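Let me begin by presenting the structure, written as structure tokens, before commenting on it.
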Amino acid sequence: MAQTLTKKLISSHLVSGNMAQGTEISIRIDQTLTQDSTGTMAYLQLEAMGIPQVKTKLSVAYIDHNTLQSGFENADDHKYIRTVASKHGVLLSRAGNGICHQVNLERFGKPGWTLLGSDSHTPTGGGLGMLAIGAGGLDVAVAMGGGAYYLVMPKVVNVELIGKLSPYVSAKDIILEVLRRLTVKGGVGKVIEYTGEALATLSVPERATIANMGAELGATTSIFPSDEVTREFLAAQGREADYVALAADVGAEYDEHIVIDLSALKPLVACPHSPDNVKSVQEVGKIAVQQVCIGSCTNSSYADLMKVAAIFQREGGTVAPGCSLTISPGSRQVMTMLAENGALATMLKAGARILECACGPCIGMGQSPESNAVSVRTFNRNFCGRSGTVSADVYLASPETAAITALRGVLTDPTTLSGNVDVTMPEKFLIDDSMIIPPAPEGESVEVVRGPNIKPFPINVPMTEKVEGEVLLMMGDNISTDYIMPSNAKLLPYRSNIPYLSDYCLAPVDPEFPARAKEKGGGFLVAGNNYGQGSSREHAALVPLYLGVKGVIAKSFARIHAANLVNSGILPLEFANEADYALISQGDYLRISNARGSVLSGGDIIVRNETKGVDIPLVLNLSQRLREVLAAGGLLNHTRANNTAN
Ligand code: MIC
Ligand code: SF4
């Protein structure tokens, strides 16, 4: 039978399951990546599992998120990652070498491989024809140890791209259009597979922009075929040997089919405070802009930044007064090439504040805008407060829109400019892997250095028969992990210090929440749809665990966060009837009398709202294996119990 590319890659990596949509399968992982803000925890877990050497074909640890060193904490964590990676067979991409997804695309991604990364934008690798999935750190640690990765067999959505982009309209506008159509929960349980005549006109970094921001759809991943364009990119990276041709079979059947005519697209922006709040730049109009930030794993490739430089060169002048412009190139390769060909000088002449090759402002690591600012960013997320300034309005845009907006100081449609900014892809990228440190040879002794900021992480206890407690917080739809466990320059240094982070948990929703949770000794959280969208940070589960949260009852969950809750032994319960959300109020006392039994038997779960005197049916949409993980009190306990039993 004619197969989709997604199914081909799943089937060639299948370890268990029968690939029936909606059922649990597991796949072999060829490659893993970690970054520093999730990596410290992932390696602590790898150590806790007692895995001496990674068993993947390749595992890389990147330092790219926590690069602002305003105290010893980040530097200490970097040293820990450097030493632990070296000991366990993991390559290290040092601080300064670039953003994990950009560097991975340039130097390590391979068509046809599976990639699991402790970062939600790992699907960027889909631009190269990889099956690249984001996950919590513990799942990545398991994969490093040679364990399979479990997921629900997804639906496969075909996005067929036809036509050709008009001048100044770019890959970012394509993914913004997909987000406009599908919304931030439209991709849950789905892989987005791109096909169509227009692919021949889209370079690998452009494909990567689209695959990257597929994370904002909630999709399991996004994938492009591996074709002549891929071969040329790999050849230019000196890696032609990694090329294999990959595509869906002719006549492959998809669960859904969407057509996007690129010639009809206009420059788009995602308006505050959600990546799917998409409008055309024209529709939003000429609003005054106080900050423009260009970079992030979505839009910091060589071609992206060359287009920015070309617009500066063509238009002349400097960034508008009252507007601050930052540029963070995605990698050392990109930055060096820009420095050597003069584009960096053009950016400096335009008044750009050049930042290091790292995530930077995207995760609030500096460059928080002024109060009530409008900030136009080429990034992928604009959740309220993520920039570090709660009153700021962040608009997500293409590099072209961002560049001209910076010069004018008002949101500007780049298609109002004349001509075009055609940037040709280099025949050879600058290749210098000297900032990548290979691990110590197996067997050589390496001392793992842990700084004083590394505190033990919480591990749950096996589930009891009765699970009860107060409703600590009622929340609405689309609560992101940036709300559950905020990240910014002040908090990111504490990613290995759960007790410290606990004072900030869910504070953007209710500043009193941490104190209340501590006073009540834990309880339940209740939320609307798509709870836990966004980042893969398992801290959004570990911190609630530390605060005694036993269950989250929601209308629906985002994929990675639901998995992180299970891994921490916290019940991710869904309302059987969404309308029952109205039967719960903050402060109500809830009791599940036969929790352990019904979790294990797959039976109905009824929560009794003791305060209101009503029973509410709940659904636990999990495989038997995951039910056992929950009953054991999380994945580490489950793994330990199984190892002892064997
Ligand atoms: C993000 O973009 O939100 C992050 C920071 O890269 C996260 C990872 C983290 O929270 O450390 C992600 O996307 O998974
Ligand atoms: Fe880094 Fe931002 Fe990409 Fe996350 S989304 S990996 S913070 S650049």
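The values are calculated or read from the model by the stated rules, or taken from the named source; none is laboratory data. Model, not experiment: these values are computed from the prediction. So basically every Cβ, Gly included, is an ideal-geometry build from the backbone, and we count neighbours across all protein chains shown. In case anyone asks, the SASA skips ligands and DNA or RNA and just uses the protein heavy atoms, side chains included. Shrake-Rupley method; radii C 1.70, N 1.55, O 1.52, S 1.80 Å.
Taken over the Cα atoms of the range 1-104, the convex hull encloses 133 Å³ per residue. Each 10 Å bin, from zero up to the one with the longest distance, holds this percent of the alpha carbon pairs of the range 79-198: 11, 36, 34, 16, 4, 0. Among the GluC sites (Glu not before Pro) in the range 449-478, those located in a DSSP loop and surrounded by at most 15 other Cβ atoms within 10 Å of their own Cβ are Glu465.
Compute the whole-percent fraction of alpha carbon pairs in the range 597-646 spaced more than 13 Å apart. The answer is 63 percent, as a whole percent. Once both labels are positioned 7 Å from their Cα atoms along Cα-to-Cβ, the gap between Ala440 and Lys55 label points is 2.3 nm. Compactness of the range 443-529 is given as radius of gyration and Dmax, 16.5, 52 Å, from Cα positions.
For the range 431-480, the convex hull drawn through the C-alpha positions has a volume of 306 cubic angstrom per residue.
Once the Cα atoms are used to define both axes, helix 635-645 deviates from the longest principal axis of the chain by about 60 degrees. Shape class for the range 499-646, computed from the alpha carbon gyration tensor (a ≥ b ≥ c): oblate, with a/c not under 1.5 and a/b at or below b/c. The mean accessible area for residues of the range 237-329, using a 1.4 Å probe and ignoring ligands and nucleic acids, is 40 Å² per residue.
Most simply put, the chain has about 35% antiparallel DSSP beta bridges, counting only bridges with both residues inside it. Summed over the residues of the range 1-148 and divided among them, the accessible surface reaches 26 Å² per residue at a probe radius of 1.4 Å. Note that the range 546-596, at 37 °C in a medium of 0.692 mPa s, gets a Stokes-Einstein diffusion coefficient of 268 µm²/s from its Kirkwood radius over C-alpha pairs.
Oblate is the label for the range 200-322, because a/c, from the alpha-carbon gyration tensor with a ≥ b ≥ c as root eigenvalues, is 1.5 or above and a/b does not exceed b/c. With the simple spin-label model, which puts each label point 7 Å out from Cα in the Cβ direction, the Arg353 to Ser166 separation comes to 3.4 nm.
Given R0 = 30 Å, the distance between the Cβ atoms of Ala235 and Ser11 translates into a calculated FRET efficiency of 0.60.
Taking a straight line from the alpha carbon of Lys164, these lysines sit under 23 Å away, with near neighbours fewer than eight places off in the same chain left out: Lys172, Lys266, Lys279, Lys307. Among the listed pairs Lys110/Lys455; Lys190/Lys455; Lys185/Lys550, which are separated by more than 29 Å between their Cα atoms? In this structure, Lys110/Lys455; Lys190/Lys455 exceed 29 Å between Cα atoms. Given contacts defined as C-alpha pairs under 8 Å and at least six residues apart, what's the relative contact order of the chain, whole-number percent? Contact order relative to length: 14 percent. Backbone amide hydrogens, once placed in the peptide plane, bring Val614 within less than 5 Å of Asn609, excluding anything fewer than 5 places away on its chain. Probing with 1.4 Å while keeping every protein chain in the model, the per residue accessible area of the range 354-478 equals 42 Å².
What is the percent carbon and sulfur in the accessible area of the chain, measuring with a 1.4 Å probe over the protein chains and ignoring ligands? Carbon and sulfur atoms account for 51 percent of the accessible area of the chain. Exposure check, 1.4 Å probe, all protein chains in place: Arg207 carries approximately 0 Å² of accessible surface.
On full extension, the segment bounded by Ala245 and Ser263 gains 3.8 nm, given 0.36 nm per residue less the C-alpha separation. Its relative contact order, with pairs defined as Cα atoms under 8 Å and 6+ residues apart, puts the range 305-410 at 32 percent.
For Tyr395, nonlocal amide neighbours, meaning residues 5 or more places apart or on other chains whose placed amide H falls under 5 Å from its own, are Ser375, Val376, Arg377. Across the range 602-646, the mean sequence separation of Cα contacts (distance under 8 Å, 6 or more residues apart), normalised by length, yields a relative contact order of 24 percent.
The mean of 1/r over all pairs of different alpha-carbon atoms in the chain, once inverted, gives a Kirkwood hydrodynamic radius of 24.7 Å. Sequence-ordered 3J(HN,Hα) estimates for the range 168-182 from the Karplus curve with 6.51, -1.76 and 1.60 and θ = phi - 60° stand at 6, 9, 9, 3, 4, 5, 5, 6, 5, 5, 4, 5, 4, 7, 9 Hz, glycine and proline given as x.
Once the chain from Glu447 to Ala20 is taken as fully extended at 0.36 nm per residue, the excess over their C-alpha distance is 149.1 nm.
For the range 279-333, the Kirkwood hydrodynamic radius from C-alpha pairs, put into Stokes-Einstein at 25 °C and a viscosity of 0.890 mPa s, yields a diffusion coefficient of 191 µm² per second.
Between helix 332-341 and the chain there is an angle of about 10 degrees, using the helix long axis and the longest principal axis of the Cα atoms. In the range 1-45, Rg over Rh equals 1.14, where Rg is the alpha-carbon radius of gyration and Rh the Kirkwood radius from pairwise Cα distances. Using the Cβ-Cβ distance between Gln69 and Thr336 with R0 set to 22 Å, the FRET efficiency from 1/(1 + (r/R0)^6) comes to roughly 0.45.
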